[in-house]
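A quick write-up on the structure given underneath.
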Amino acid sequence: MSEASVIITGAARGIGLAIARDVVKRGQRAVLLDRDNPLLDTALESLGPLARGLVVDMSEADAVGLAINELTGEWAPTHLVNNAGILGRKMSFHEMDPDEIDRVLAVNLRSVLLATSAFLRARRPLQSAAIVNMTSIAGVNGGAPGLSVYGATKGAILALTRAMARDLAPEIRVNAIAPGIIATDMQKGVFASEAALQEVVTAIPQKRLGSPDDVAEAAGWLLFGAHYTTGEMIRVAGGRI
């Protein structure tokens with residue numbers, strides 16, 4: 001019988017869905033949070049009875065709190081994966097759009113704070129509880145040109161991960177994953193052409209893009225293993241810095 005109930009934000013596709021699949025394969029419950037209702041329905045059909053979905057905009061404080069508060073009994077959360085995120089529109093430092101800055105901050109960073117707070121209020125204590133925050137190597141190297149706001153949010157998540165690990169110990173382990181270039185829909189807006197993407201791929205030591213399953217493998221270890229690991233960041237980037 002499953003003991004864990006893992007909330008995964010931004011879970012209707014890509015990395016979030018891959019993590020949900022891994023959780024279910026382990027015989028644990030997965031709670032998928034996403035604002036895209038049709039995609040969420042499709043994801044749930046593929047996952048079976050150990051998965052449950054909630055339609056919620058992760059940037060809305062009241063909506064996040066109400067959604068997570070619905071989870072009671074065996075579905076009460078024991079683990080959390082803060083995965084929801086967007087790249088945002090490319091902007092130069094000469095022409096920053098305040099509304100776009102706020103949108104990226106809300107989805108990428110504010111949602112982590114909101115979801116974590118709601119999770120802590122609703123959680124069902126479990127001996128090995130964990131939070132995994134999805135950052136990016138962009139949080140270390142600044143990211144692609146024009147996506148500085150995205151990189152800034154991911155850098156902030158690294159600092160937040162260390163603060164959470166300190167403040168929530170010893171009851172909850174908190175770690176971060178920093179993916180490199182992963183083959184998801186999000187990457188389509190980063191590179192100007194397929195040729196530009198392939199040029200970058202040749203510079204990756206592993207000579208390929210990462211897959212969502214590569215990231216899910218690391219997330220599974222941090223969620224259900226890694227019993228003496230907290231406050232750390234794992235790169236899943238094929239050796240790319």
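Taken about its Cα centre, the chain carries a charge dipole of about 640 debye when Lys and Arg each add +1 at the Cβ and Asp and Glu each add -1 at the Cβ. Distance from the alpha carbon centroid of the stretch 78-93 to that of the stretch 2-71 works out to 17 angstrom.
Listed peptides 167-178, 4-15 appear in the order 4-15, 167-178 once ranked by packing, highest mean of other Cβ atoms within 10 Å at the front.
Dipole magnitude for the stretch 123-241: about 240 debye, using +1 per Lys or Arg Cβ and -1 per Asp or Glu Cβ, origin at the Cα centre. The C-alpha atoms of the chain define a longest principal axis, and helix 14-25 lies at about 30 degrees to it. Dividing the summed -39500 (n - 2.57) terms of all DSSP H runs of n ≥ 4 by the residue count of the chain sets its mean residue ellipticity at 222 nm at -12500 deg cm²/dmol.
When only alpha carbons of the chain are considered, Rg and Dmax amount to 17.1, 56 Å. Pairs of Lys residues in the chain are counted when their Cα atoms are under 20 angstrom apart and they lie 8 or more places apart or on different chains; the count is 4.
Taken together, the values in this text are just the output of simple stated rules run on the coordinates, not laboratory data. What you are looking at is a predicted structure, and each value in this text was computed from that prediction instead of being measured. In this analysis, Cβ positions are derived from the backbone assuming ideal geometry, glycine residues included, and neighbour counts consider all displayed protein chains.
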